[in-house]
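Student: If you scroll down you'll find the structure; I have some questions about it.
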2 protein chains.
Amino acid sequence: MSQIHAYAAMNVNGALEPYAYDLGELGPEEAEIKVSHCGICHSDLSMLGNDWGMSAYPFVPGHEVVGTIVALGEQAKGLKIGQTVGLGWSAYSCLACPECLSGNHNLCATTQATIIGRHGGFADRVRAQWAWVRPLPEGLDLEKTGPMLCGGVTVFAPFLVHNIPPTARVGVIGIGGLGHMALQFANKWGCEVHAFTTSDSKEAEARKLGAHFVHNTRNADALKEVAGSLDFIISTINVPIDVPGLLGALAPQGRLHVVGAILEPMQVPALGLIFGQKSVAGSPTGSPNVLDKMLSFSARHGVAPVTELFPMSKVNDAMEHLRAGKARYRIVLENDLA
Amino acid sequence: MSQIHAYAAMNVNGALEPYAYDLGELGPEEAEIKVSHCGICHSDLSMLGNDWGMSAYPFVPGHEVVGTIVALGEQAKGLKIGQTVGLGWSAYSCLACPECLSGNHNLCATTQATIIGRHGGFADRVRAQWAWVRPLPEGLDLEKTGPMLCGGVTVFAPFLVHNIPPTARVGVIGIGGLGHMALQFANKWGCEVHAFTTSDSKEAEARKLGAHFVHNTRNADALKEVAGSLDFIISTINVPIDVPGLLGALAPQGRLHVVGAILEPMQVPALGLIFGQKSVAGSPTGSPNVLDKMLSFSARHGVAPVTELFPMSKVNDAMEHLRAGKARYRIVLENDLA
């Protein structure tokens, strides 16, 4: 087997440097992808810093991969050599548990992430189980598709999880890497879209991305102004949120859905759920089928992240740009490895 | 108009004493019910004590009414004189708001409770808007039907709210006035039923009521033993619950549903919702349509509360019995007023 050339950190928060390895023979269920582009997600930074205590070094980040199939195992299904594909957060699931068999592979207890216990997509090639390697439909901009495979599906899946109708009034909290895609999905889904941000400077951009209304949550009355009116709120931020206030902003039967990894427990008032028959929920990324639906929906409606392109050889500059909070809104690496 | 004879408290936590009043002409949308039985719910005690700051005195408790229609306003629909009917927590809703028009009258912002701003069912007659006065199907034991109209529908509605399938594994927390009905509903719904109690003495009874498994939550491992296995948990208690532990007991896509008025904020970990796509929700009583479904389901399956019968003239003894935590499991007053 030929060697794979990648960028790896040798230790916690170490600089990414050229690193080569041989993955051995391709597994029967695996596909090998020649990487053309790979997005950078905030979780790549978290894993680089071992924030979640499950990083191993050398660590090769990257789980928003776009590329071409160059090799297929004998049992790899639904793919062909030369096909343009995408790979997101997950690279393996058992296919046999109740979750996999019911189409919820992202909830499989043995699911493996592309960058946990595996080498990711900051590389010339990456491997994954066929089920997680999704053929890309026509009409997507390949430079912008990587971030949809993790961040995009994370904010798209909740619309399917809750079967949100296009008549819904939808709030999006946080206009960043996830939120700026959520605004687009909500708008193209046919909903009335409310953006919640702490930054007045993002108002014009939020409207351009699909928000019909923009609320600055530094204004103490922002939530009161929409009291009892929203059917669905997606929170994309990872700092504590005002749950009682958000429940108050929900209409009867409204749902607050969190996808941001808030580390402190949320303070949820039982009566705030009971009186209006409301709920607080969460979800992780999306299944292969939901990835496909997200991709074809995006191709049909022209949904795409706002991206900044870096050559992969400048990966350390790109990581620093993200770390500094300057990414608007997602960074994509273009593979310039030999 | 003839006078209504009732039992009323003249002040906060005062003894209930005979009290007569004239409600004037019947409103065009109202039905007047001659009360044969009225359940006592814990919220009657809370209202008697003005625990929620919205009681008015003289206060006539009682919102689990069974009786016969004796008068109907001109616009009262779907009812006829002499019909056997039930009346629960709600006695009025606007019928015209989005919630009412979509069949969720219990979520109407202007809904009126039978015992808030109105005189309740500890009386020979009580009035309510026609929509909330539900004809009782054949086959119900009228002595036991009152408690189903508030407590019963409160634990029945969540099965419809979440569209719980009979294949679900269901947990019921708290085997009391609400929980002992929830066990029966879950069993007759076709589910695998798990009872959670702090009292070993309730195990045999929980099984008789429909539990397939009984867990004592004073045992620290009780929730761990069912880790990742339950699809739906209904919490009927009003003291703080171990939300992280309960989320851990849920299978992927599991739902924790609270109907008990826990006053302290629940501590809900965002990651506990996200990883398994779980939710925490709540709901209040049920709509007229859900009341009807609950009543016919109960008649078909023989669901009924375990009750203790008191004559209405012994209402103070009955209230004291409930206050002392001795009710097993619901008290019903039989009208012996002249």
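The values are calculated or read from the model by the stated rules, or taken from the named source; none is laboratory data. All values reported here derive from a predicted model rather than from experimental measurement. Glycine also receives a Cβ, built like all others from the backbone with ideal geometry; neighbour counts cover every protein chain displayed. To get the accessible areas, we keep the full protein, side chains included, count just its heavy atoms, and leave off ligands, DNA and RNA. Shrake-Rupley method; radii C 1.70, N 1.55, O 1.52, S 1.80 Å.
Student: With an 8 Å cut-off on Cα pairs and a minimum separation of 6 or more residues, tell me the relative contact order of chain B in percent.
Tutor: After rounding, I find 18 percent.
Student: Label points 7 Å out from Cα along the Cβ direction at residue B:5 and residue A:142: separation in nm?
Tutor: Once both label points are built, they end up 8.9 nm from each other.
Student: So what is the relative contact order for the stretch B:1-73, in percent, with contacts set as C-alpha pairs under 8 Å and at least six apart?
Tutor: 40 percent.
Student: Between residue A:75 and residue A:94, what is the label-to-label distance in nm when each label sits 7 Å out along the Cα-to-Cβ direction?
Tutor: Going from the residue A:75 label point to the residue A:94 one covers 1.4 nm.
Student: Can you list the copy-to-copy distances for residue A:267, using a point 7 angstrom from Cα toward Cβ, in nanometres, shortest first?
Tutor: 1.3
Student: Turning to a different aspect of this structure: Consider a paramagnetic label point 7 Å from the Cα of residue B:326 along Cα→Cβ; state which residues of the stretch B:16-58 have an amide N under 18 Å from it.
Tutor: B:16, B:40-42, B:45
Student: Could you tell me which residue out of B:106, A:243, A:266 lies farthest along the dipole of the protein assembly as shown toward its positive end? Charges go on the beta carbon: Lys and Arg +1, Asp and Glu -1, centred on the Cα centre.
Tutor: Farthest towards the positive pole: B:106.
Student: Moving to a separate point now. Compute the Rg to Rh ratio over the stretch B:56-198 from the alpha carbon atoms, using the Kirkwood formula for Rh, and round to two decimal places.
Tutor: Ratio value, two decimals: 1.00.
Student: Comparing the chain by itself with all protein chains present, which residues of the stretch B:274-301 are at least 10 Å² less accessible (probe 1.4 Å)?
Tutor: By number: B:274, B:275, B:277, B:278, B:279, B:280, B:281, B:282, B:283, B:284.
Student: Let me ask you something else. Could you check which residue among B:51, B:292, B:22 shows the biggest mean-square fluctuation in a GNM of chain B with a 10 Å Cα cutoff?
Tutor: The residue that fluctuates most here is B:22.
Student: Hey, if you drop one equal point scatterer on each alpha-carbon of the protein assembly as shown and run the Debye formula without solvent, what base-10 log of I(q)/I(0) do you get at q = 0.06, 0.08, 0.10 Å⁻¹?
Tutor: Log10 of I(q)/I(0), two decimals: -0.41, -0.67, -0.93.
Student: In nm, what is the difference between 0.36 nm times the number of residues separating residue B:102 and residue B:56 and their Cα-Cα distance?
Tutor: 13.4 nm is the gain from fully extending residue B:102 to residue B:56.
Student: Here's another thing I want to ask about it. So what's the back-of-envelope 222 nm ellipticity for chain A, counting only DSSP H runs of four-plus at -39500 (n - 2.57) apiece and dividing by all residues, rounded to 500?
Tutor: Values: 11 runs with 82 residues, N = 338.
Per the formula, -6500 deg cm²/dmol.
Student: P(r) for the stretch B:152-282: what percent of alpha-carbon pairs falls in each 10 Å bin, starting at zero?
Tutor: Histogramming the stretch B:152-282 at 10 Å steps yields 14, 50, 34, 3 percent.
Student: How much accessible surface does residue B:225 have with a 1.4 Å probe, in Å² rounded to 10?
Tutor: Here the residue's solvent-accessible area equals roughly 130 Å².
Student: Consider all pairwise Cα distances in chain B and report the whole-number % of them above 38 Å.
Tutor: 15
Student: Can you work out the FRET efficiency for the pair residue B:22 and residue A:208, with r the C-beta to C-beta distance and R0 = 56 Å, to the nearest 0.05?
Tutor: Result of the calculation: an efficiency of 0.30.
Student: What pairs in B:188/B:326; B:144/B:208; B:34/B:144 have C-alpha atoms more than 19 Å from each other?
Tutor: B:188/B:326
Student: Tilt of helix A:179-188 relative to the longest C-alpha principal axis of chain A, in degrees (0 to 90, nearest 10)?
Tutor: 70
Student: Could you name the lysines whose alpha carbon sits less than 20 Å from that of residue A:224, not counting residues in the same chain fewer than 8 places away?
Tutor: Of all the lysines, those that pass the test against residue A:224 - Cα under 20 Å, at least 8 places apart if same chain - are A:278.
Student: Moving to a separate point now. Determine the per residue accessible area of chain A with all protein chains present and a 1.4 angstrom probe, expressed in square angstrom.
Tutor: Accessible area per residue, chain A: 39 Å².
Student: Keeping every protein chain in place, order B:37, A:257, B:212 by accessible area at 1.4 Å, biggest value first, i.e. largest first.
Tutor: B:212, B:37, A:257
Student: Turning to a different aspect of this structure: Run the label-point distances for residue B:51 please: 7 Å along Cα to Cβ, every other copy, nanometres, shortest first.
Tutor: Those separations, rounded to one decimal, come out as 4.3 nm.
Student: How much of the accessible area of the protein assembly as shown, probe 1.4 Å, is carbon plus sulfur, in whole percent?
Tutor: That share works out to 52 percent.
Student: Using protein heavy atoms only (no ligands, DNA or RNA), what is the total accessible area buried between A and B, 1.4 Å probe, nearest 100 Å²?
Tutor: Separately minus together, A and B give about 2600 Å² buried.
Student: While we're looking at this one, here's another question. Label-to-label distances across copies for residue B:296, with labels 7 Å out along Cα→Cβ, in nm, shortest first?
Tutor: Here residue B:296 shows inter-copy label distances of 3.8 nm.
Student: Continuing with this model, one more query. Return one number: the angle in degrees, 0 to 90 and rounded to the nearest 10, between the long axis of the Cα atoms of helix A:288-301 and the longest principal axis of the Cα atoms of chain A.
Tutor: Approximately 70 degrees, to the nearest 10.
Student: Would you tell me the mean number of C-beta atoms belonging to other protein chains that fall within 10 Å of each C-beta in B:235-243, as a whole number?
Tutor: Mean number of neighbouring Cβ atoms from other chains: 1.
Student: Taking the full set of protein chains and a 1.4 angstrom probe, give the accessible area of residue B:329 in square angstrom, rounded to the nearest 10.
Tutor: About 10 Å², ignoring ligands and nucleic acids.
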